[in-house]
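Presented below is the structure to which this report refers.
The values are calculated or read from the model by the stated rules, or taken from the named source; none is laboratory data. Please read all numbers here as calculations on a predicted model, not as lab measurements. Here the Cβ is made from the backbone with ideal geometry for all residues, glycine too, and neighbour counts use every protein chain on show. These area figures cover heavy atoms from the full protein model, side chains too; ligands, DNA and RNA do not enter into them. Shrake-Rupley method; radii C 1.70, N 1.55, O 1.52, S 1.80 Å.
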Amino acid sequence: MRARDRAAVSALRGTLAALDNAEAVPVDAAPRAGAIEASPVGVGAAEAPRRALSEADVVAVVRAEIEEREAAAAQLTSPAHAERAARLHAEAEVLRRLLEAPEATA
């Protein structure tokens, strides 16, 4: 990251956002407000707890991000879009290496 690897930064930011979205509570599962007098009061009182993703869920999200980037790059066939396609391939490769890397424990 210190070398300002734009592909890695972009891939990781996008994947972190996708993981955040995957943790969101589905709209149907969110608590519905009833009468005003029964409404929760206070900061965060109406917040629903986020879903906890398993390791398999995280891997599935990362794989989906890889496939999304590869599919987008495949559609960019004109020479004018070659640079963007190369960047998408590089981002997919960063994520692929992340999945293949042995888990580092500290």
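Residues that are under 28 Å from Val25 (Cα atoms) and touching a helix residue (DSSP H, G or I) at 6+ places or on another chain (Cβ under 6 Å) do not occur anywhere in region 78-86.
Filtering region 48-106 to residues that are in contact (Cβ under 8 Å) with a residue 40 or more places away in the chain and small (Gly, Ala, Ser) leaves Ala64, Ala90, Ala92.
Considering each residue of region 71-106, count those that are in a helix (DSSP H, G or I) and open to solvent by 50 Å² or more (accessible area, probe 1.4 Å), and give that number. Final tally of qualifying residues: 18. Checked against the criterion of being closer than 19 Å to Ala17 by Cβ and in contact with a Gly (Cβ under 8 Å, 6 or more places away or on another chain), region 62-70 has at least one qualifying residue. When the criteria are applied in full, Arg63 fails the requirement of being among the basic types (Lys, Arg), open to solvent by less than 80 Å² (accessible area, probe 1.4 Å) and at pLDDT 95 or above.
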